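Visitor: Below: one structure in structure tokens.
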Amino acid sequence: MDVPDSIEREVILPVPPARVWAALTQADQLGAWFGTQASIDLRPGGEIVFTWDRSTGPRTSRGVIETVEPMQRFAFRWQANPGEPPMTRVEFTLEPHVEGTRLFLVESGFASLPPEWRTHESHVEGWQRELGDLAQYLAAP
Amino acid sequence: MNQAVIHEASGAVFAALADPTRRRVLRLVAERGPASATLLEHDLPVTRQAIVKHLVVLNRAGLVSAQRAGQEVRYALVPGSLEEVSDWIAEIGSHWDERLARLRQVVLDQNPAAQDLSITDSGHSRATFWQRPGP
């Protein structure tokens with residue numbers, strides 16, 4: 001029995017890695033699937049910002065980019081604001097696949113979130129609000 | 001339930017789980033049932049005093065209960081105490097499912113010929129924080 005702290009997903013996308021890389025790292029394409037809008041400064045230390053339009057107004061989540069290995073690996077860490085405690089790390093890994101591209105997603109660090117994470121309530125709430133009716137999908141053990 | 005209440009409770013649980021030794025302590029308590037610090041000492045590379053400190057933190061987070069039995073205190077896993085955290089992580093996981101489905105659509109929109117190929121899930125997502133013992 002273990003206490004894992006990550007979310008892992010693997011998907012096969014029927015397009016070449018370059019196409020997936022563009023969807024992961026270009027602002028206009030990120031906005032199309034990750035948020036309503038996105039901005040990205042694609043370099044380690046650069047900022048990635050997602051905005052979601054809500055009936056209550058726009059909601060924003062920020063991250064700091066940690067890894068940029070074109071066509072192979074892209075990672076950032078959620079961080080509400082500069083100077084505030086970083087939160088979980090999101091890493092995408094791309095591999096060529098016979099059908100196109102194998103994309104791995106790992107969001108890790110849940111078990112070691114500092115107590116201060118509670119100050120990021122709006123950030124967390126943003127995640128939860130995004131979910132809508134899908135929230136129960138994985139709730140069963 | 002009120003979101004703020006969930007966050008408050010989960011925050012204490014996360015803080016308690018932040019330490020790897022403490023996670024081992026919790027795992028042992030879950031496996032052994034009610035156990036004293038002395039019993040746990042046999043299976044952990046730390047002192048009994050350190051184990052007691054970890055148990056106190058776990059107790060304050062509501063993860064273990066403490067019951068005095070004669071000279072010693074026995075600790076047991078509080079059933080369901082990890083559910084809020086595991087549910088929260090599961091929710092984030094389902095959020096990723098939704099996002100990745102949209103990503104697939106975004107890449108397919110620019111490559112319509114590939115629409116008949118499907119997305120797959122590795123099926124080993126670690127969405128639960130804990131495999132709860134029992135039925």
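Visitor: Report yes if B:Ile51 is touching a Leu at 6+ places or on another chain (Cβ under 6 Å) and at negative phi, otherwise no. Spell out how you get there, then give the answer.
Guide: Working: touching a Leu at 6+ places or on another chain (Cβ under 6 Å): yes; at negative phi: yes.
Answer is yes for this residue.
Visitor: All but one of (1) modelled with pLDDT of 90 or more; (2) at the interface with chain A (Cβ under 7 Å from one of its Cβ atoms) hold for B:Arg74; which doesn't?
Guide: For B:Arg74, the exception is condition (2).
Visitor: Let me ask another. For segment B:1-56, enumerate the residues that are of a type in the set (Val, Ile, Thr), modelled with pLDDT of 75 or more and either surrounded by 14 or more Cβ atoms within 10 Å (Cβ to Cβ) or part of a helix (DSSP H, G or I) (or both).
Guide: Taking segment B:1-56 as the starting set, the residues that turn out to be of a type in the set (Val, Ile, Thr) are B:5-6, B:13, B:21, B:25, B:29, B:38, B:46-47, B:51-52, B:56.
Still in the list and also modelled with pLDDT of 75 or more: B:13, B:21, B:25, B:29, B:38, B:46-47, B:51-52, B:56.
Passing the criteria: B:Val13, B:Thr21, B:Val25, B:Val29, B:Thr38, B:Val46, B:Ile51, B:Val52, B:Val56.
Visitor: Here's a follow-up. Of the residues that sit in segment A:1-38 and are of a type outside the set (A, V, I, L, M, F, W, C) and within 13 Å of the chain's Cα centre (by Cα), which one is farthest from A:Pro70 (Cα to Cα)? First the steps, then the outcome.
Guide: Residues of segment A:1-38 that are of a type outside the set (A, V, I, L, M, F, W, C), as a first pass: A:2, A:4-6, A:8-10, A:14, A:16-17, A:19, A:25-26, A:28-29, A:31, A:35-37.
Checking the rest, the ones that are also within 13 Å of the chain's Cα centre (by Cα) come to A:6, A:8-9, A:25, A:31, A:35.
Values: A:Ser6: 24, A:Glu8: 21, A:Arg9: 20, A:Thr25: 9, A:Gly31: 19, A:Gly35: 22 Å.
Going through the qualifying residues, I end up with A:Ser6.
Visitor: When B:Ala101 is evaluated against the numbered criteria (1) of a type in the set (Gly, Ala, Ser); (2) within 14 Å of chain A (Cβ to nearest Cβ); (3) touching a Phe, Trp or Tyr at 6+ places or on another chain (Cβ under 7 Å), which criterion, by number, is the only one it fails?
Guide: Checking B:Ala101 against (1) of a type in the set (Gly, Ala, Ser); (2) within 14 Å of chain A (Cβ to nearest Cβ); (3) touching a Phe, Trp or Tyr at 6+ places or on another chain (Cβ under 7 Å), the one that fails is (3).
Visitor: Tell me which strands (runs of 3 or more DSSP E) are completely within segment A:1-94 and hold 3 or more residues being at pLDDT 90 or above and within 12 Å of chain B (Cβ to nearest Cβ), or say none if there are none. Give the steps one after another, and end with the answer.
Guide: Numbers: elements: A:6-13, A:37-40, A:47-52, A:59-69, A:73-78.
Counting at least 3 such residues, we get A:6-13.
Visitor: Another question about this same structure. Please work out which one of (1) over 30 Å from B:Thr21 (Cβ atoms); (2) small (Gly, Ala, Ser); (3) free of Cβ contacts under 8 Å to residues at least 40 places away in the same chain is the condition A:Ala75 fails and give its number.
Guide: Of the numbered conditions (1) over 30 Å from B:Thr21 (Cβ atoms); (2) small (Gly, Ala, Ser); (3) free of Cβ contacts under 8 Å to residues at least 40 places away in the same chain, the odd one out for A:Ala75 is (1).
The values are calculated or read from the model by the stated rules, or taken from the named source; none is laboratory data. Remember, it's a predicted structure, so these values are computed and weren't measured experimentally. Note: ideal-geometry Cβ built from the backbone for every residue, glycine included; neighbour counts use all protein chains shown.
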